[in-house]
Amino acid sequence: MEFIHQSVLLHECIEALNIKPDGIYLDGTLGGAGHSYQIASRLNENGLLIGIDRDTVALTAAGERLAPLNKPVRLVHENFQNLDSVLEELNIPKVDGMLFDLGVSSPQLDDAERGFSYMNDAPLDMRMDRSASMTAYEVVNTWPREELRRILFEYGEERYAPLIAAAIERKRNEKPIETTLQLVDVIRGAMPGQALREKQHPAKRSFQAIRIAVNDELSAVSRMMQTAIDHLNPGGRLAVITFHSLEDRIVKNAMQTAAKGCTCPPSFPVCVCGNKPKVKILTRKPIVSAQAELDENPRARSAKLRVAERL
């Protein structure tokens, strides 16, 4: 299917990056190139846009969308957590700005065969990188019940995680759970009546949790945040959009740690660690979508943008 993604907080991100025409910018979650198109259009022939995505469908679509701009662009098939090796390969030690729009692109959600959606029947897949080996089928059918309970509770914040994990185990002991709607039926059957009457789809939290596990999303965000700041030039900006509290907590804590510098215990009268602040946080509170954007794109409702500037 055609890869068209509605970029969230587009104008806010472009403003946050403070783009210089001759600067080097990295979009670690290229997607359909909505953000990247606006970045590249502001560059001159001395600038460079580096686009990273682990979805080859997204990379192809982004290349086609960016081509008419005729601007310097390098597209890389990789997980953004490996930006260290990407920049090393390109022989670019530091850049002037980085953007990471976390979560699943609309085309991935809407393409039924990818297995992300609880609204359409498809094989249990959920891989952002379709060359990866781990699928949702493996998680659902082979992971121990206690591990399923843990990820449903921690990644999906699903209060009925024990009931759902037990129901999955019972069902897969009869025969494998192979499709998304089979899994939805198991989840529905495990939940009490009041939960099924909630406005939110009963499988939403569980599907989020399994997707995060399949793609190792939280570890990827942690590794990215540990390395991204060190690859920014002074004055360079790091802009990160998150879509749920677990991601946001990782980003917020990493930025606060980098802004604090000193890691000595509060009881120490003077600093002995020697760590200096690396960034200045530009968003005391995260930037969220205005009502006009929410009216146009309801998926932006949970988006939060945090921005830091390298000292």
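Taken over the range 126-138, the criterion of being touching a residue at least 60 places away in the same chain (Cβ under 8 Å) and buried (at least 19 other Cβ atoms within 10 Å of the Cβ) is satisfied by Met126, Arg127, Met128, Ala136. Residues of the range 139-160 that are touching a residue at least 40 places away in the same chain (Cβ under 8 Å) and of a type in the set (Asp, Glu): Glu154, Glu157, Glu158. Residue-level analysis places Ser245 among those that are of a type in the set (Gly, Ala, Ser), within 15 Å of the chain's Cα centre (by Cα) and at pLDDT below 95. Among residues belonging to the range 220-240 that are open to solvent by 40 Å² or more (accessible area, probe 1.4 Å) and polar (S, T, N, Q), point out the one that is modelled with the lowest pLDDT. Among residues in the range 220-240 that are open to solvent by 40 Å² or more (accessible area, probe 1.4 Å) and polar (S, T, N, Q), the one modelled with the lowest pLDDT is Gln226.
Being under 29 Å from Ala122 (Cβ atoms), among the aromatic types (Phe, Trp, Tyr) and buried (at least 20 other Cβ atoms within 10 Å of the Cβ) is the requirement here; does Phe243 meet it? In short, no.
Look at Leu26 and say whether it is in contact (Cβ under 8 Å) with a residue 40 or more places away in the chain, under 26 Å from Leu218 (Cα atoms) and not in a helix (DSSP H, G or I). Walk me through it before giving the result.
On the way: in contact (Cβ under 8 Å) with a residue 40 or more places away in the chain: yes; under 26 Å from Leu218 (Cα atoms): yes; not in a helix (DSSP H, G or I): yes.
Yes; evaluated as a whole, the condition is true for this residue.
Against the condition part of a helix (DSSP H, G or I) and either in contact with a Gly (Cβ under 6 Å, 6 or more places away or on another chain) or open to solvent by less than 50 Å² (accessible area, probe 1.4 Å) (or both), how does Ile19 come out, does it pass? Spelling it out, it is not the case that Ile19 is part of a helix (DSSP H, G or I) and either in contact with a Gly (Cβ under 6 Å, 6 or more places away or on another chain) or open to solvent by less than 50 Å² (accessible area, probe 1.4 Å) (or both). Quick one: in the range 41-60, which of the residues that are out of contact with any Ser or Thr (no Cβ under 8 Å at 6 or more places or on another chain) and farther than 27 Å from Asp110 by Cα is most open to solvent (accessible area, probe 1.4 Å)? The residue in question is Glu45.
Tally up the residues in the range 29-54 that are out of contact with any strand residue (DSSP E or B) (no Cβ under 8 Å at 6 or more places or on another chain), under 14 Å from Val73 (Cβ atoms) and assigned to a helix (DSSP H, G or I), please.
So in the range 29-54, the residues out of contact with any strand residue (DSSP E or B) (no Cβ under 8 Å at 6 or more places or on another chain) come out as 32, 34, 37-38, 41-42, 44-46.
Subset that is under 14 Å from Val73 (Cβ atoms): 37-38, 41-42, 44-46.
Filter once more, so that each one left must be assigned to a helix (DSSP H, G or I): 37-38, 41.
Of the residues in that region, 3 qualify.
Note on the range 61-106: residues that are exposed (fewer than 15 other Cβ atoms within 10 Å of the Cβ) and on the phi > 0 side of the Ramachandran plot total 2. In this structure, does Lys276 turn out to be in a strand (DSSP E or B), free of Cβ contacts under 8 Å to residues at least 60 places away in the same chain and either within 30 Å of Thr142 (Cβ to Cβ) or touching a Leu at 6+ places or on another chain (Cβ under 9 Å) (or both)? So Lys276 fails the test. Before we move on, is Thr142 at pLDDT 95 or above, hydroxyl-bearing (Ser, Thr, Tyr), touching a helix residue (DSSP H, G or I) at 6+ places or on another chain (Cβ under 9 Å) and open to solvent by 10 Å² or more (accessible area, probe 1.4 Å)? Yes. Can you spot a residue in the range 297-310 that is out of contact with any helix residue (DSSP H, G or I) (no Cβ under 8 Å at 6 or more places or on another chain), modelled with pLDDT under 95 and assigned to a helix (DSSP H, G or I)? Yes, there is a match, as at least one residue in the range 297-310 is out of contact with any helix residue (DSSP H, G or I) (no Cβ under 8 Å at 6 or more places or on another chain), modelled with pLDDT under 95 and assigned to a helix (DSSP H, G or I). Among the residues of the range 132-155, count how many are under 14 Å from Asn215 (Cβ atoms) and within 18 Å of the chain's Cα centre (by Cα). Summing the residues that are under 14 Å from Asn215 (Cβ atoms) and within 18 Å of the chain's Cα centre (by Cα) in the range 132-155 gives 6.
Matching residues to (1) buried (at least 20 other Cβ atoms within 10 Å of the Cβ); (2) not in a helix (DSSP H, G or I):
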residue	(1), (2)
Pro162	no, no
Ala166	no, no
Gln182	no, no
Asp185	no, no
Lys199	no, yes
Phe207	yes, no
Arg211	yes, no
Leu218	no, no
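Counting only residues that are surrounded by 21 or more Cβ atoms within 10 Å (Cβ to Cβ) and either without any contact (Cβ under 8 Å) to a residue 12 or more places away in the chain or basic (Lys, Arg) (or both), the range 107-125 holds 1 of them.
The values are calculated or read from the model by the stated rules, or taken from the named source; none is laboratory data. Not measured: the values here are computed from a predicted model. Ideal geometry is used to build each Cβ from the backbone, glycine not excepted, and the neighbour counts take in all protein chains shown. We work out accessible area using only protein heavy atoms, side chains counted, and drop any ligands, DNA or RNA first. Shrake-Rupley method; radii C 1.70, N 1.55, O 1.52, S 1.80 Å.
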